[in-house]
Every structure is written in structure tokens, then in C-alpha cells.
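Written out below as C-alpha cells is the structure these notes cover.
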Amino acid sequence: MSAVILDGTRIAAEIRAEVAAEAKALSAAGRRPGLAVVLVGHNPASEIYVRGKVKSCEEVGIYSEKHTPAENITTEELLELVMGLNLRDEIDGILVQLPLPFQIDSKKILLAVDPAKDVDGFHPMNVGALSTQRPGLVPCTPAGIMEILRRSQIPVAGQEAVVIGRSDIVGKPTAMLLLNANATVTVCHSKTRDLQDVCRRADLLVAAIGRAGMINRDFVKPGATVIDVGMNKITDRGEFDSLFAGDAKRSESFRLKGSALVGDVHPQVAEVAGAMTPVPGGVGPLTIAMLMSNTVRAARLRRGTHVAELSSV
Ligand code: NDP
């Protein structure tokens, strides 16, 4: 058996096309959606992510602006910047790129973002809305996972779902979305006993751990759907070979770059799973697509909800 590969790049392109049409309609009505991204300092990974987000905005017709305060900004100064963005009507979404420098009280900053503009879905108001099934903004990566499942016609209701990872950004909101979609959900973490046995019960297995290739075929029930959220950069040739021995294309790329981006799921899982997301090209592309989608949604919600909008959550 060989798993169906769930093509996140294709699904993300589909969502972006839909978002672009909505952004166009809103712009035609004189109200172009707008996103403000705040990037403190010069973290190279964050700079790459932010560049991708700004480029995506341009592609789908969302207005964007980037704020780049210096690394040594204080919590109070950053709060002032966020408050200013909260007050501006043409800004529908505010994204403060994490991680913030050590001197910044990150929780205070995330709490200061107007929940109506919180396109990352991290504000406690939006977390509460998700857990009580009220309209709100849902974190991008978990929302993207649900879109992959929905658009690939993978059933969720009544299924055994196991989520490995309990972070506020990925694991917990993913578990909540699956529960809201009527799956029977188990959340695992580093203290979970008999992890393999628990995972093998899953019809739907979501790995959001941050350990390259940890989930091998022993964790997977034959025919299960496996969603790999992990994004791990490996540079060790031995580790690379233990995952991709025999994959000539990947091997050549590793030789040229000296590194590879790998998920939490071992490639051998393709032999037992019914369907799985690849890394790269699985969950990753959905994260930015859902950020665009959340920005347009925030723009619509801020301009007055109508019944269809409320019931779609
Ligand atoms: P965190 O480090 O915040 O959380 C990792 C979770 O995995 C924790 O709950 C931890 O348990 C659990 N865990 C760690 N080791 C084990 C283990 N041996 N057995 C069982 N559980 C374990 O990471 P994030 O949730 O932020 O991210 C997870 C992965 O997803 C990372 O690789 C990240 O790069 C990637 N990611 C990808 C995105 C995308 O767009 N594709 C977006 C965001 C993240 P405990 O709580 O007990 O410590």
C-alpha cells in the first residue's frame, strides 16, 4: 500500500484564489482589507516568514505594511505601536511575529492586540471563542489542517483523532477544531505513556512535535490519515540517511544545500498510511493561505457580520 499524498501546495493555491476574489470584491466596495505585520529585530527565520507573508498579501490583493522596530524596543514602546494599529480603521489584521526578544513581555503584547484584528488567533478572547464554538479568528496552521481534511474529503466526525503536541499555537487549537468537528480526540505530549499504542488507535493522526522523523510506521494504524506539521531542519548526513536512504532527488538536494527540511513523520509511514501530508508542501503552505483568509474574514467581521458568516464558524 502507498499513501495518497495530500498536496498542500495545491490546496493553498485554491484558498488563495478564493481569498483574492473576496479581497477584490471588498476593494471594489471601497474597503480593501489590510494587514500590519510587526517584526522586531533581525531574526533570520522571522525575516523570511514575514517576507513570505507580505508577498502573499500582494498576490491576493490585500494591503500590507511592515513595522520593524529595533531589537532593543521596550514592552511599553511595542504596546504603543500595537495600540496605534488597533485604532486604525484601514488595518483589519495585526500580526506580531514571534518570537519576540527576551526583554519583551510577549503575553502582554499578544493580549493588547484587538481580538477583532487578531489574525493569528492567539488572543484569549479568540481561544475562548474557539472552545465555545463562537465566531472568532482561528490560528492559521490548525485552520489549514482542517482545510486539508475538508478539501480532501477525509471524514472527521466520529473518527478517532490523536494529536501529538499540546502547544497553544498548533496542538491545542487543532485538538479543539477536531473536537468541534465531532472527532473523538486524544491529545498526547512528552509525558504520555505508551505513545505508540495511543497513536495506533488513530484514524487521524496529527504530529506537531518538532522531532525529525519520530513518527515511524509503528505509530500508525494501517489506512490512517497522517498530518505532519513538523518543520525540522537537519544538517547531519547520518540522520538524513536514516530517513531518506535511497531517495536520489532528496539526497542530491541535501548534498547541495547541506541541510534538509523534514517533518515529524518518517517517510516509511507512506507504506502504511492511507493518506499523508508531505514536508515540504503539506501543512506549511496552508499556514500563510489561512493568514490571508483570516485577514479577509476579519475585514468582513469588522464591517458587520451577517447570519451566514456567523453560522459558518
Ligand atoms: P512546541 O515545541 O511548542 O510543542 C511541541 C509539543 O510536542 C509539546 O507539546 C511537547 O510536549 C510535544 N513533544 C515533544 N517531544 C515529544 C515526545 N518525544 N513525545 C511526545 N510529545 C512530544 O512546538 P509547536 O507546536 O510550536 O510546533 C511543533 C512543530 O510544528 C515544530 O516542528 C514546528 O516547527 C512546526 N510548525 C509548523 C508550522 C507550519 O506552518 N507547518 C507552523 C507552526 C509550527 P510537552 O508539552 O510535554 O513539552
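Nothing in this text is a laboratory measurement; each read-out follows from the coordinates by a stated rule. As the structure is a computational prediction, the values presented were derived from the model and not from experiment. Virtual Cβ from ideal backbone geometry, glycine too; neighbours counted across all protein chains shown.
Quick notes on this structure:
- HN-Hα J in Hz across the range 69-75 - Karplus 6.51, -1.76, 1.60, θ = phi - 60°, x for Gly and Pro: x, 5, 3, 8, 4, 8, 4
- The GNM of the chain, with springs linking C-alpha atoms under 10 angstrom apart, assigns the highest mean-square fluctuation among LEU137, LEU286, LEU256 to LEU256.
- Two-decimal ratio, the range 140-285, of alpha-carbon radius of gyration to 2.2 N^0.38 Å: 1.02
- Set of lysines with alpha-carbon distance to LYS172 below 16 Å, sequence-local pairs under 8 removed: LYS191
- Within a Gaussian network of the chain (alpha carbon springs, distance under 10 Å), most fluctuating of ASN72, ASN294, ASN232: ASN72
- Taking amide H as placed 1.01 Å from N in the peptide plane, the amide H of VAL206 sits under 5 Å from that of VAL162, VAL163, ILE164, ILE227, each at least 5 places away or on another chain.
- Rg and Dmax of the range 35-179, Cα atoms only, in Å: 16.3, 50
- The ellipsoid that matches the Cα gyration tensor of the chain has semi-axes, each √(5λ) in whole angstrom, of 33, 23, 19, with the longest given first.
- For the residue pairs LYS55/LYS107; LYS24/LYS53; LYS24/LYS117, the alpha carbons lie more than 22 Å apart in LYS55/LYS107.
- A Gaussian network model of the chain, with springs between Cα atoms under 10 Å, assigns the largest mean-square fluctuation among GLY84, GLY165, GLY121 to GLY84.
- Only one residue of ILE48, HIS189, THR74 has its Cα farthest out toward the positive end of the dipole of the chain, where Lys and Arg carry +1 and Asp and Glu -1 on Cβ, and that residue is HIS189.
- Distance from the range 135-183 to the range 57-103 (C-alpha centre basis), Å: 27 Å
- Over the C-alpha atoms of the range 29-115, the Rg to Rh ratio, Rh being the Kirkwood estimate, stands at 0.97.
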